[in-house]
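The values are calculated or read from the model by the stated rules, or taken from the named source; none is laboratory data. Given the structure is predicted, the values throughout are model-derived calculations rather than measurements. Glycine gets a Cβ as well: all are built from the backbone with ideal geometry, and neighbour counts include every protein chain shown. In case anyone asks, the SASA skips ligands and DNA or RNA and just uses the protein heavy atoms, side chains included. Shrake-Rupley method; radii C 1.70, N 1.55, O 1.52, S 1.80 Å.
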Amino acid sequence: MLVSFGCYSGVPEGAPTDDGQDDGQDDGQDDTDRDPGTEIDPDEPCAGVGASVAPLRRMTRAQYNNTIHDLFSGAYAPSEMFPESHVEHGYTNDLDSQIVALRTAQDILYAAEDVAEQVLDDVGALVTCDPGIDTACVDTFIADFGPRAYRRPLSDEETEILRAAYELGAADGFADGIATVVTVALQSPQFLYFPEIGRQRAPGIVELTDYELATRISYLLWDTTPDQALLDAAAAGQLKSADGIEAQVRRMLADKDRTSPALERFVREWTEVGELETFQKDPELFPEFDPPLVASMNEEFSRFVRGVFRSDTPTFASLLTSTNTEVDPNVGALYGLEIEGEGWTPVEVEERGGLLTRAALLAEHSTASSTAPLQRGVMVRNQLLCDPPGAPPPNVEENKPVYPEGATERERTEILIAHSFCGGCHEQLNPVGLGFEGYDPIGRDRTVEADGSPVDESGEIIGGPEDVVGSFTGVTELAERLAGSDSAMACASEQFYRHSIGLNPNEVQTCAIESVQQDFITSGGDFEELIVNFTRSNSFWLRLLEEE
């Protein structure tokens, strides 16, 4: 086992501090202020300029995998030992999901050692110089690798720590020294976290540095470490203006092969669609729900979402209504299509348009044996309308109604709504989910109930935003209503903001995002314009310091 080295505590010497001062180390940037557009007033909500709260975030596992790949140019594989990311309050980058317990810290260490072992086996893929010939070889490596790993220039103290790590490992040889540097770097807070120390603009208000903004931009758009062009822009001070930020964001958005996976992760977490597993369904009722079908359903969801974001219309409406997808024979059969060959085929399915009709989403939002209109209604109300009902009372299980044997989901809903203890909440949830009754628990079309009666796909949104309230028939009609709803678009932009910054619903401040929401609506729900407008906004580069 390689040696772990040292322990980071506090702000490293030379790093910018909250009072806007540094210790004299030159980071190559001037101190020109960005212009927030109006005078900052710390006593006003969002400081009067739309500044945002922003918790300290740690890399998710997806971000770690991408970062290791890019940091080492694909020469070494990411370690499977890195801790899994779990969803808390909707998103994997929420602060509550990233607490490092002892076991988590051990896994981070093992992951760093795992990558370093690969460096030992093939150090030439990382370092091409010969320290026996070039005396500056090690220092050159640290001066190159360290800033790329930490996504900013190293402080003198950090350089000394990495140099000491090399010397410790080099007692066993040059490769061991380089591997020890990698071990130290990959378990350091500077690598694992996204510190946003910035510099103070006003009491309680911090302005992010260009390097901190480069990190925000890159992990938002590509889920990975900044590329050289973005680091160069940060070094040149080009992220000090909204126009400079936009130039980099549009450059990166143009690479849709890199942005679409990151945006897909957002959509999966937003709509609560994880990776399906076969145990989620009753094998006696759904024997066809086997590993090959599950894998195909997961892949079809990814291909649909990425296809929308790669298209010429990466809009909220396209996400909810597009009839274009890709299927293989497994999903094709589930959708009632005859597909030739074994690969993936682009198809247009007129009767199954949009995100809400994807088999993976429908299977995720149902139980092992039923269509679960409650779950499907909760997903729409919470995730697409940002209008959750109140929490159920603590003794809800003791007051559940009794259902007749063989009752349909619609009959059960009618009983629930009529029940004095349950009706208030279920009236807002179940009728929405009943509009999904045309799809069974694995996302397959269904037209008849178990008793042979025809399936009734009528649904209703009761209460909530005025532009969506009313009855509808089937998911297609529901999706079209949501696609044209300003309220639903405002919710989508709020969800993207939460995902981007790592906030739970209670931490969202309307004043920080209302301009971004309005811009998203004005753009017709264009996700690329949402990203551009968000990254130009004060909520992206001004951070409110939360009270202790």
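Before moving on, here are some points about what is shown:
- Subset of region 102-133 that is open to solvent by less than 40 Å² (accessible area, probe 1.4 Å) and of a type in the set (Asp, Glu) - its residue that is modelled with the highest pLDDT: Glu113
- Looking across region 133-153, the residues that are in a loop (DSSP other than H, G, I, E, B) and without any contact (Cβ under 8 Å) to a residue 24 or more places away in the chain come down to Ile133, Asp134, Thr135, Ala136.
- Whichever residue in region 319-341 is assigned to a helix (DSSP H, G or I) and open to solvent by less than 20 Å² (accessible area, probe 1.4 Å) and, among such residues, is nearest to Ala479 (Cα to Cα): Leu320
- Scanning region 294-308 for residues that are open to solvent by 10 Å² or more (accessible area, probe 1.4 Å) and in contact (Cβ under 8 Å) with a residue 60 or more places away in the chain yields a single hit, Asn298.
- Given (1) of a type in the set (A, V, I, L, M); (2) at pLDDT 90 or above; (3) surrounded by fewer than 16 Cβ atoms within 10 Å (Cβ to Cβ), number of the condition Ala391 does not satisfy: (2)
- Boolean, Glu84 is in contact with a Pro (Cβ under 8 Å, 6 or more places away or on another chain) and open to solvent by 40 Å² or more (accessible area, probe 1.4 Å): no
- Residue selected from region 265-275 under the condition open to solvent by less than 10 Å² (accessible area, probe 1.4 Å) and of a type outside the set (Val, Ile, Thr), by the criterion farthest from the chain's Cα centre (by Cα): Trp270
- Subset of region 503-530 [more than 12 Å from Ala492 (Cα to Cα), among the hydrophobic types (A, V, I, L, M, F, W, C) and assigned to a helix (DSSP H, G or I)]: Cys511, Ala512
- Failed item, numbered, when Leu356 is tested on (1) open to solvent by 40 Å² or more (accessible area, probe 1.4 Å); (2) within 24 Å of Glu437 (Cβ to Cβ); (3) among the hydrophobic types (A, V, I, L, M, F, W, C): (1)
- Index of the failed condition, Ser370 passing every other in (1) of a type outside the set (Asp, Glu); (2) open to solvent by 10 Å² or more (accessible area, probe 1.4 Å); (3) in contact with a Leu (Cβ under 8 Å, 6 or more places away or on another chain): (3)
- Checking each residue in region 240-278 for being touching a residue at least 60 places away in the same chain (Cβ under 8 Å) and in a loop (DSSP other than H, G, I, E, B) picks out Lys240, Ser241, Thr271, Glu272, Val273, Gly274, Leu276.
- For beta carbons closer than 7 Å, sequence separation of 6+ or different chains, a first residue in region 461-484 that is of a type in the set (S, T, N, Q) and at pLDDT 95 or above and a second that is assigned to a loop (DSSP other than H, G, I, E, B) and open to solvent by 30 Å² or more (accessible area, probe 1.4 Å), the qualifying pairs are Thr473/Glu457.
- Complete set of residues in region 186-239 that are in a loop (DSSP other than H, G, I, E, B) and aromatic (Phe, Trp, Tyr): Phe194, Trp222
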